[in-house]
């Protein structure tokens with residue numbers, strides 16, 4: 001059994017599946033690093049699931065199909081409960097996260113120098129080349145409140161590798177998209193975190209999942225994290 005599962009949450013990402021899997025499998029073959037690939041689909045209304053199923057013959061490609069959309073964080077937790085590997089790596093399906101960076105994210109875990117590795121837009125060498133200035137500013141502003149719960153440059157990154165048990169042991173439910181922030185906030189100084197630079201690309205196909213509902217879930221998550229932090233200080 002492999003020690004790593006790459007978890008890819010999907011919601012109407014049919015146009016990106018083939019491109020992403022070709023790149024993922026190229027990383028496995030050229031970099032000589034083995035990992036399983038699990039897509040977890042949140043009730044897509046297009047043919048995302050059919051696109052994944054075409055790749056079943058490829059070693060290590062599987063699909064977990066959920067009956068309803070439970071949000072990205074909920075999908076990741078559902079996938080984590082299904083797999084048995086020591087480590088999991090979470091990445092988006094929209095090609096914004098470069099699969100070619102996977103070996104760099106996994107190496108510190110394999111060497112036991114870190115417990116979590118983040119593909120970061122905001123460390124030296126990281127970039128968001130397709131973003132207009134307005135989006136860069138709004139992203140930076142959104143990052144500010146998250147910094148109260150952790151000490152990293154890109155706490156809202158969705159591209160990260162971590163020990164699977166860290167996700168399994170998260171208390172309660174995690175709303176919205178920011179599952180990585182939940183891990184950072186829960187374990188704080190007990191978590192050895194490393195950030196590596198990535199080039200974050202805008203999607204070419206499909207529609208962005210960012211909307212008012214996602215923003216509300218992020219605010220809700222900040223409230224939950226604040227209340228948990230207060231309770232911990234009182235105990």
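It is to be established whether one or more residues within region 36-43 are surrounded by fewer than 19 Cβ atoms within 10 Å (Cβ to Cβ) and in a helix (DSSP H, G or I). Looking for residues that are surrounded by fewer than 19 Cβ atoms within 10 Å (Cβ to Cβ) and in a helix (DSSP H, G or I), one finds none in region 36-43, hence no.
Restricting attention to region 87-101, and to residues there that are part of a helix (DSSP H, G or I) and in contact with a helix residue (DSSP H, G or I) (Cβ under 7 Å, 6 or more places away or on another chain), which single residue is surrounded by the most Cβ atoms within 10 Å (Cβ to Cβ)? Per the criteria, the residue is 99. Total residues in region 109-135 satisfying the condition of being part of a helix (DSSP H, G or I) and at pLDDT below 90: the figure is 3.
Go through region 180-196 residue by residue and tally those that are within 18 Å of residue 227 (Cβ to Cβ) and surrounded by 18 or more Cβ atoms within 10 Å (Cβ to Cβ). Explain how you work it out, then say what you get.
Taking region 180-196 first, the residues within 18 Å of residue 227 (Cβ to Cβ) are 181-188.
Restricting the remaining residues to those that are surrounded by 18 or more Cβ atoms within 10 Å (Cβ to Cβ) gives 181-187.
Within region 180-196, residues that are within 18 Å of residue 227 (Cβ to Cβ) and surrounded by 18 or more Cβ atoms within 10 Å (Cβ to Cβ) number 7.
For region 33-43, a tally of residues being modelled with pLDDT under 95, over 17 Å from residue 84 (Cβ atoms) and touching a helix residue (DSSP H, G or I) at 6+ places or on another chain (Cβ under 9 Å) returns 2.
Considering only region 136-153, I want to know if a residue exists there that is more than 16 Å from residue 75 (Cβ to Cβ) and modelled with pLDDT under 70. No: zero hits. Is one or more of the residues making up region 72-80 surrounded by 20 or more Cβ atoms within 10 Å (Cβ to Cβ), under 24 Å from residue 30 (Cβ atoms) and at pLDDT 95 or above? Checked against the condition, which is being surrounded by 20 or more Cβ atoms within 10 Å (Cβ to Cβ), under 24 Å from residue 30 (Cβ atoms) and at pLDDT 95 or above, region 72-80 yields no hits at all. Annotation note: Cβ proximity below 7 Å between a residue of region 136-151 that is part of a helix (DSSP H, G or I) and a residue that is surrounded by 12 or more Cβ atoms within 10 Å (Cβ to Cβ) (sequence gap 6+ or interchain) occurs for 136/128; 142/156; 143/155; 143/156; 145/222; 146/155; 146/156; 146/181.
Pick out the one residue from 228, 166 that is in contact with a helix residue (DSSP H, G or I) (Cβ under 9 Å, 6 or more places away or on another chain) and at pLDDT 85 or above.
Working: 228 fails: at pLDDT 85 or above.
Being in contact with a helix residue (DSSP H, G or I) (Cβ under 9 Å, 6 or more places away or on another chain) and at pLDDT 85 or above holds for just one of 228, 166, which is 166.
Of everything listed in (1) crowded, with 18+ Cβ neighbours inside 10 Å; (2) assigned to a loop (DSSP other than H, G, I, E, B); (3) touching a helix residue (DSSP H, G or I) at 6+ places or on another chain (Cβ under 9 Å); (4) touching a residue at least 40 places away in the same chain (Cβ under 8 Å), the single unmet condition for residue 84 is (1). Please work out if residue 182 is under 26 Å from residue 48 (Cβ atoms), assigned to a helix (DSSP H, G or I), out of contact with any strand residue (DSSP E or B) (no Cβ under 8 Å at 6 or more places or on another chain) and in contact (Cβ under 8 Å) with a residue 60 or more places away in the chain. Criteria met by residue 182. When residue 199 is tested against (1) surrounded by 23 or more Cβ atoms within 10 Å (Cβ to Cβ); (2) more than 19 Å from residue 220 (Cβ to Cβ); (3) at pLDDT 90 or above, only condition (1) is not met.
The values are calculated or read from the model by the stated rules, or taken from the named source; none is laboratory data. Given the structure is predicted, the values throughout are model-derived calculations rather than measurements. Cβ atoms come from the backbone with ideal geometry, glycine included; neighbour counts cover every protein chain shown.
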